[in-house]
Amino acid sequence: MPKKLPLQEYRRKRHFNRTAEPAGKKRKSAHSGWRFVIQKHAASHLHYDFRLEHDGVLKSWAVPHGPSLDPSQRRLAVQVEDHPLEYGKFEGTIPAGEYGGGSVLLWDTGTWSSEQDVSQALRSGKLKFQLEGEKLTGGWNLVRMQKKAGEKRENWLLIKERDESAQPLSKIDILEERPESVVSGRTIGEIGATSDKTWHSHAAGGKKERSTRQKTTRQKSAGGNGKPQTASKPPAGARRVSFPKPIDPQLATLVDHAPAGDEWVHEIKLDGYRILTYLDRGKAILRTRKHNDWTRRFPELAESVAELSARQGVLDGEVVALLANGASDFQALQTALSEQRTSQLVYYVFDLLYLDGFDLRPLPLEERKSRLAELLTGAPHARIRYSEHLEGDGDQIIAKSCQLGLEGIVSKRRHGAYVSGRGDSWLKTKCAQRQEFVIGGFTDSASSRKGLGALLVGYFDKQGDLIYSGKVGTGFSALTEQDVRERLKAREQAKKSFSNVVKDEHKSTTHWIKPELVAEVKYSNWTEAGQLRQPVFQGLREDKPAREVVLERPAAKEGKKRPERQPIRQRTAERRKKTPAHSHSPTISLTGSQERELEGMRLTHPDRVLYPDVGLTKKDLVTYYAEVSEWMLPHVIDRPLSLVRCPEGQTGQCFYQKHASAGTPEALKQVMIREKNKEQPYLMIQNLAGLLSLVQMGVLEVHPWGSSVEDVEKPDRLIFDFDPDPSVPWPDVIAAAKDLKARLTDLGLESFAKTSGGKGLHLVIPIQRRYEWPEAKRFCKAIATQFATDFPKRFTANMSKAERHGKIFVDYLRNDRGATAVAPYSTRSRPGAPVATPLQWSEVKASIRSDHFHVGNVPHRLQTMKGDPWEEMASVRQSLTREMFRQVGLK
């Protein structure tokens, strides 16, 4: 076989007329001070490309889980084709459809050295070397693994040496601590959101390459080296004035469609605290939108702003905490503030209102941003960042932002002046429903006298009355729960806070407070009765007075009006006329966000019949999951999954899958979980796109863990499965479920019922994460054993088939690490397309069997019900206690 030429494989995989990656050529390497680079690459799967300069090329390895400073973490590194040296300067986006399509970020770079003969060490399979980078330093090893049968590529392990730069993973995860680019300061999400297909060399004086229409202000104002030109004269149109008093910020109006047209530019909507910073002769003061001085809360940011090369200035921006994927997160910001960990916070600046004697507010936005980009060039610290913006169709940009898991976008008129207050020059479009609500009361926890049950929230109407909007009972950490409860107790009053009726008000457990606190709440939708559906607490907002909280309803933009959705009852009445309840082709009405995700999904073989006995197709199943998603997603998001895949349909061959594999859709995410002394990639979903992608894989059953990825070792749900022998009458199963409910109630635990879609019923007990899996399983086993002991002719806790004859097996084994149970609203791989369906306890009766509900009637059921049958689950806050263990016979 002829020897391959240098970079031959690299060039073979790429079309350089379609991608701006460098074609490159082999060059002569220096004798010392070789370069290394690590590029974070969000392609079909997020990974890190580790590259070492050697013999005129970059020797390259793909590291799926990135490097770790912990020597005990042996990270897989798959050797890939050599890359040209020029690739070490590449940061940008490879077009979709091209090899490696996705965003590329320069995560670390520097020099490397080795005392070995590098060529010989690579041939022998063990290379010891030193790194001197901005993030990685010290000694490292690359060790080749033994090749297995069928493997085409060589697998290596990237391992940190035990030296002074090593750190345990429990102390620091360098990937989470430092997600940003070492060159631009951007995150992978920001790079992806720009859709910028330019290859940026970032080298001073480097040639500026061809790009797409979507250019940033920084690029437009840049010279040949990519840096903004220095202003040589005062800005025309700006007014010379003295240093201003605190300025009221310009605010964005919520709309349901992002605007289109060249007059608009679009910024990523940030999820943090709006802060205007006043820089005056080396001192910076940070103020909220109500002019409160928060400088002491963000001391590092104030120091960084103070070092900017301006005598005086007023900057407008947002303080955020960034997740590992580059998205801003308000809960993470709240946690950082409460734990006084502010050094990693970032201040994104998107406007410049005053500079060195001139009021810039009358200037057009694009000129203000040009001068802002100039001011921030060479900023002394990456915690102060310029907020880039995009040009192009707003709907396309919001769709891309939502796909990346961002909050939304803010669209601004490029020629608009800065005008305090809310108007139509700044418009915001959101991916998810969220807004501020006033807290008017709270309820006690059912399991702890000092705990918090739920917040009672609302908004002020035009008459100044506080309108009740629902209960928020989830989203609290132990720390935030204690802090919030203390603030609530300090504001208690005897008078009811709301002007309208509060649903399920109980005088003994409901407390009213002065309506002064403001909560940020995320929710899926509104019920027809005007209550929040599936609300989740995000944090307290200290930058907005309660009296300013009103109901936010998106205003439709002219020329882009979305058809109004009919009220549920009216829509249901029409559906009854057109579609019988047993039909397996439900007519649905999707929200705008659902329509966008469906349109962006590539569904192959949509007409493939998955359930032949009822004619249900792949497209029908996608439609079903889109319709029930707002009820289903809260029970499956961010949980490791086991899936039953039937690519040819229910009558074909089916198999279980729990680990990620080649060809997994991009919308599915992964979480690493230790299993049998090594980490394995488990699948999980985070949004509707992830749920729908399961259908593309031929998934007919979704089985989540009873714990979330936040802490997989501690369950937040316990499940009892009543699995009857075929000879057991169905009414006996119903009676058994009610008996167990009563026993759990006696213990102080509230439970919820659902049909399994198979043979039995499930009882689900939501709990706070307190005990790990072995203790949870021991507790559930004790209850099942008590049942079998008390009623030996009716129940067994032994899974042996011989022991189950004529009895109901009380299956407690689902309460073990790695065990799963079918998800609410998941289909089953059984004839008729049955669905595991949550029930109200009043529905648990002999007339509703385990396979009573199916794809054809579940959407109809949900649209005709007054509320979610498990609506109260979100507000239940209960824990297993030592007293409960004692009551079931455990010490």
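The values are calculated or read from the model by the stated rules, or taken from the named source; none is laboratory data. What you are looking at is a predicted structure, and each value in this text was computed from that prediction instead of being measured. Virtual Cβ from ideal backbone geometry, glycine too; neighbours counted across all protein chains shown. The protein model used for the area step is the full one, side chains on, heavy atoms only, and it has no ligands, DNA or RNA in it. Shrake-Rupley method; radii C 1.70, N 1.55, O 1.52, S 1.80 Å.
Using 0.36 nm times the number of residues separating Asp262 and Asn500, minus their current alpha carbon distance, what extension gain do you get?
Going from the current span to full extension adds 81.1 nm.
State whether segment 250-316 is rounded, prolate or oblate according to the following rule on the C-alpha gyration tensor (a ≥ b ≥ c being the square roots of its eigenvalues): a/c under 1.5 gives rounded; otherwise a/b larger than b/c gives prolate, and the remaining case gives oblate.
Prolate, since a/c reaches 1.5 and a/b exceeds b/c.
Please say if segment 477-549 is rounded, prolate or oblate, where rounded means a/c under 1.5 for a ≥ b ≥ c the square roots of the C-alpha gyration tensor eigenvalues, and otherwise the choice is prolate for a/b larger than b/c and oblate otherwise?
rounded
Hey, rough spin-label estimate for Arg547 and Glu164, points 7 angstrom out along Cα→Cβ, what's it come to in nanometres?
6.0
Mind jotting down the three principal axis lengths of segment 784-891 based on Cα atoms? Whole angstrom, largest first.
Each principal axis gives a Cα extent; for segment 784-891 these are 46, 37, 30 Å.
Rounded to whole Å, give me the distance from the Cα center of segment 463-514 to that of segment 809-882.
30
Using a Förster distance of 25 Å, how high is the FRET efficiency between Ala432 and Met672, based on the Cβ-Cβ distance and rounded to 0.05?
0.45
Could you order Ser328, Ser508 so the one with the most accessible surface comes first? Probe is 1.4 Å.
Of Ser328, Ser508, the descending order of accessible area is Ser508, Ser328.
Taking a ≥ b ≥ c as the square roots of the Cα gyration tensor eigenvalues, with a/c under 1.5 meaning rounded and otherwise prolate when a/b beats b/c, else oblate, which class fits segment 333-408?
Cα axes put segment 333-408 in the oblate bin.
Could you tell me the calculated FRET efficiency between Glu486 and Thr789, based on Cβ-Cβ distance and R0 = 56 angstrom, to the nearest 0.05?
Efficiency at R0 = 56 Å is approximately 0.80.
Using a basic spin-label model with each label point 7 Å from the Cα along Cα→Cβ, how many nm lie between Asp746 and Val78?
It is 5.6 nm.
If the label point is 7 Å along Cα→Cβ of Lys128, which residues in segment 153-189 have backbone nitrogen under 18 Å from it?
Once the point is set 7 Å along Cα→Cβ of Lys128, 157-166 turn out to lie under 18 Å by backbone N, inside segment 153-189.
With every protein chain present, what accessible area does Lys471 have (1.4 Å probe, heavy atoms only), rounded to the nearest 10 Å²?
About 50 Å², rounded to the nearest 10.
How large is ³J(HN,Hα) for each residue in segment 718-726, as worked out from phi by the Karplus curve 6.51 cos²θ - 1.76 cosθ + 1.60 (θ = phi - 60°), to whole Hz, x for Gly and Pro?
My calculation for segment 718-726 gives 10, 9, 10, 10, 7, 10, x, 5, x Hz in order.
Just to make sure I understand: if all protein chains stay in place, what is the order of Leu616, Leu551 by accessible area at 1.4 Å, largest first?
Leu551, Leu616
Using R₀ = 56 Å, calculate the FRET efficiency as 1/(1 + (r/R₀)^6) where r is the Cβ-Cβ separation of Gln463 and Ser727; round to 0.05.
In this case the efficiency is close to 0.30.
Each label point is 7 Å from the Cα along the Cα-to-Cβ direction; what then is the distance between the points at Lys507 and Arg296, in nm?
About 4.4 nm separates the two model spin labels.
Magnitude of the Cβ-charge dipole of segment 600-666, K/R +1 and D/E -1, about the Cα centre, nearest 20 debye?
220
So how do Arg178, Arg296 rank on accessible area, 1.4 Å probe, biggest first, that is with the largest at the start?
The most accessible residue leads, giving Arg296, Arg178.
Accessible surface of Lys496 in the full protein assembly, 1.4 angstrom probe, to the nearest 10 Å²?
Ignoring ligands and nucleic acids, Lys496 comes out at about 80 Å².
How much accessible area does Thr785 have with a 1.4 Å probe, in Å² rounded to the nearest 10?
It works out to around 60 Å².
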